[in-house]
Every structure is written in structure tokens, then in C-alpha cells.
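Visitor: Could you have a look at this structure, given as C-alpha cells, before my questions?
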Amino acid sequence: MKKVRLLYICEAMGGGVRRHLLDIIENIDLGSYDIHLIYGKNRADKIFLNSLPSLKQKGIYLYELKELDREISLKKDSKALIKIIKIINSINPDIVHCHSSKAGALGRAAAYLCGVKNIIYTPHAYMAQSPNLSHKKMKFYVGLEKLFSKITKVTINVSEGERQFALQNGIVTTNNSTVIYNGISRKDKYKKIRKNNRIIIGTVARLSEQKDPITFYNIAKNIVSKYDSVDFRYVGDGPFYEILKNKIEKDNLQKRIQLVGFKNNISDELAEFDIFITTSLYEGMPYALIEALSEGLPIVGTNVTGNNEIIFENINGYLFNIKDVNGAVQILEFLINNPEKIKSLGEQSYKIYIEKFTIEKMIEKLEKTYEQFRRR
């Protein structure tokens, strides 16, 4: 059977989006698909850059575009569009699958101009979902998504909440959209590491506005002032790193609230957590929370899209409203004072991971979507 020529286009090769694409490439049937990847280097993280030799060895065709950048620039975007068109014409792909907003716009436009019939898009959270946007900007981003949706065969949303947002705003229809949850490689039953009977509450997230690290800090500061046996950890880097570092040093809390920085392998960090917390303002389907499930951690998080399809109230964790420091503190105090509850919630997290969020389930659903477009 002839292989399907599959072209991925992605500007944001870092964090969850990078994880998603690399997991696909590592697990998809390369006997059935020729994989091509156009990527932007400016936001590529160390994990992606270090994976490039391995990808080439697997036979993945790689195309780096320095013009493919997050910021809107008529000059750069025009050059990127022209180069993407040239690459598409040289490949003649059966499917073009674009990931995230910037590549979703330029990649879909280029594919349409080249006459590609099978254009797929995974937004990984719509820009318009951000609660910090003005009404005018929100309408602008929704309008763009509606425009490009007209040339998109299928939109793959990574959460039902993300899909419902798109349906409610007329971006997609029930016929041209589907949900495929992110998945990670199956892990054996988790093993907790206990150190000095201390409780460690932590998160793994980019230090960016979307993840709201300031609320994380305010929650942590409140808790450590009351409980000598509780510490907090933040694993990740980003534009808010120095801001948070300065706050911690100003309050002399370096020993209690630790900034760990970026880590290639977060499993070792998660294994030391007792409770996972997330303060995100909006999400698609966060990998860090799926990792937390696989480590058997109870999760306390904001009640936003993605999070509320992983965190089930009083089953494997608890939800609180965005920026609600007092609400989060009350939940954490309850768990700190009820260690058996921490254990029982964590056991349910692992069960939810096995039922819904393994890599096998993700790849199976993705390949079924691609098979609709196989050339006969």
C-alpha cells in the first residue's frame, strides 16, 4: 500500500505543542506515512533541538523556517508563506496538518493556495479563549479562525471544552471537528518518594502570563506562612522567571518556594510532589496534568477548559476559579490536614490516566482520522 505523504507545520516547537508532535512522530506507523515537518526555530526548546538528529535518522524530512515566528510581521509572514508554498509544491502532500495559531494561519493558507484538499488543524487552545483579551481582540481572533475554518477539512480539538468554544463561536461545526485527547506513554503503577515527612506542592508550567505564576506565588506564600512542613516547587522557565524570583527573594522564601527551572524530564520532579497545582488562565489539554495523573497525584487547578476534563471534583482533585487565591488555599489546607485524602485522590488520578490518556489511544484515533484521506 502506498504511503501517505503527511506534512506537519508548526511554529511553536516548545512545551506541550512540541511534546504533542514528537509523541506523534515517535509513535505513528512510519511504514504507512512519510512524515515531513516545517518548523520555526525561534521558540523551539532544547528537547526539540536535541531530537533533530534522531528525527533525521528515522527518515523524517525536516524544513527549518527562520521567518516562521510568533510575532505578526508582514515582511516575515510573507516570506514564510512563500517558502511554505514552495515546500508544499515540492512534496505534494496528501495531508497538511497545522498546529497552533501562527502555523494554523500561514500553513492553511499556503496549503489552500497549493490546492491541497486535506487540510487539518489542531489549535492547542484558541487565542480567543484568553480571558485577558479585550472584546474587540477576541472578536478579531474568532473572525480569523472562522475564515480559515472554511478551508479546513477537519479541526482536531484536544479537549471537549475547546471544541465547545469553537462550536459556540461558529468556528467549527459538529461535522468538521473532533476531539482527540493528548496521551503519554503508558507508565507502571506510580511509586511515591517521601522525604522527611514534608508535603511538596508543585507545578510544571511555563512561567508565562497564561499560566498565571503570580497567583501560584500568592497561594504558596499564604500556605508556607501557616504550615512549616509544606514546601512549594515551580518547574519551568519563561518571561516571568525573574519576576517570581525577585518576589521570593524579597520575602526571604527561597527555601520554601523553589524555582527549579526548565527540566528535560519532569517525571523525577513529579515523583517528589504530593499535590499538583495549576493556576492557568486558559488551556487546551495540558500535558503536565496528564503527567501528574500518570504519577498518581491529586490535582488542584483552575476551572478552565482542559483542566476540568482532567480534574474531577472530589474524585481525583478539586477546582477553583481563576485568580481565586483564598479558594485554592482552603482546598490545600483541607488536603494538608487530611493525608489519607491525598492518597485516595492520587489513586483515582492513575485510574483516569489509564482509562483516557495513554499514547496508544491518541495515536489510534489520529490514524483513523488520517485514513479517511488516504489516496486510493
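Here, each number is a calculation from the coordinates, and none is a lab measurement. If you're wondering where the values come from, they're calculated on a predicted model, not measured in any experiment. Methodologically, a virtual Cβ is constructed for each residue, glycine included, from the backbone with ideal geometry; neighbour enumeration extends over all protein chains shown.
Visitor: Where Lys and Arg each count +1 and Asp and Glu each count -1, what net charge lies around residue 258 among other residues with Cβ under 9 Å from its Cβ?
Guide: Taking every Cβ under 9 Å from that of residue 258, the sum is +2.
Visitor: In nm, to one decimal, how far is the modelled label at residue 90 from the one at residue 49, with both set 7 Å along Cα→Cβ?
Guide: For the pair residue 90/residue 49, the computed spacing is 2.4 nm.
Visitor: Need one word for the range 1-99: rounded, prolate or oblate. Basis is the Cα gyration tensor (sqrt eigenvalues a ≥ b ≥ c); a/c below 1.5 gives rounded, then a/b vs b/c decides.
Guide: Oblate is the answer for the range 1-99, as a/c is 1.5 or above yet b/c matches or exceeds a/b.
Visitor: Where does the charge balance sit around residue 50 when Lys and Arg score +1, Asp and Glu -1, over other residues with C-beta under 14 Å from its C-beta?
Guide: Around residue 50, the surrounding residues sum to +4.
Visitor: Run the dipole for the range 223-376 about the Cα centre, Lys and Arg Cβ at +1, Asp and Glu Cβ at -1, nothing else charged, and hand back the magnitude in debye, nearest 20.
Guide: 440
Visitor: Here is a further query. Do any of 247/323; 102/368; 2/356; 3/56; 46/365 go past 22 Å between their Cα atoms, and which?
Guide: Distance filter (> 22 Å) returns 102/368; 2/356; 46/365.
Visitor: What does the extension gain come out to for residue 272 and residue 255, with contour length at 0.36 nm per residue minus their alpha carbon separation?
Guide: 4.5 nm
Visitor: Same structure again: Name the residue, out of 157, 326, 252, whose mean-square fluctuation peaks in a Gaussian network model built on the chain with Cα pairs under 10 Å.
Guide: 252
Visitor: I've got another one for you. What is the local net charge at residue 322, summed over the other residues whose Cβ is closer than 13 Å to its Cβ (Lys, Arg +1; Asp, Glu -1)?
Guide: -2
Visitor: Continuing with this model, one more query. Rank by packing, highest mean first: peptides 291-304, 337-350, with packing defined as the count of other Cβ atoms within 10 Å averaged across residues.
Guide: 291-304, 337-350
Visitor: I've got another one for you. With an 8 Å cut-off on Cα pairs and a minimum separation of 6 or more residues, tell me the relative contact order of the range 251-337 in percent.
Guide: For the range 251-337, the relative contact order is 23 percent.
Visitor: Putting +1 on Lys and Arg Cβ atoms and -1 on Asp and Glu Cβ atoms, find which of 1, 44, 28 reaches farthest to the positive end of the dipole of the range 1-49.
Guide: Result: 44, furthest along the dipole toward the positive end.
Visitor: For the chain, calculate the relative contact order in percent as a whole number, restricting contacts to Cα pairs under 8 Å that are 6 or more residues apart.
Guide: For the chain, the relative contact order is 15 percent.
Visitor: Let me ask you something else. For the pair residue 112/residue 359, report the inter-label distance in nm, with labels modelled 7 Å from Cα in the Cβ direction.
Guide: 3.5
Visitor: Moving on to the next point. Measure out, as a whole number of angstrom, how far apart the alpha-carbon centroids of the range 1-70 and the range 118-138 sit.
Guide: Comparing the Cα centres of the range 1-70 and the range 118-138, I get a distance of 23 Å.
Visitor: Rounded if a/c is under 1.5, else prolate if a/b is larger than b/c, else oblate: which is the range 45-121, with a ≥ b ≥ c the root eigenvalues of its Cα gyration tensor?
Guide: The shape class here is oblate.
Visitor: Based on the mean of other beta carbon atoms within 10 Å per residue, what is the order of 91-102, 307-318, most packed first?
Guide: For the peptides 91-102, 307-318, the packing ranking is 91-102, 307-318.
Visitor: Place +1 on the Cβ of every Lys and Arg and -1 on the Cβ of every Asp and Glu in the chain, take the dipole about the Cα centre, and give the residue among 181, 95, 199 whose Cα lies farthest towards its positive end.
Guide: 95
Visitor: Let me ask something else. Largest first, please: the extent of the C-alpha atoms of the range 193-296 along each principal axis, to the nearest Å.
Guide: For the range 193-296, the Cα extents along the three principal axes come out at 33, 32, 21 Å.
Visitor: Expected output is a single nm value to one decimal: the length gained when fully extending between residue 146 and residue 132, i.e. 0.36 nm times separation in residues minus the C-alpha distance. What is it?
Guide: So the chain would gain 3.0 nm between residue 146 and residue 132.
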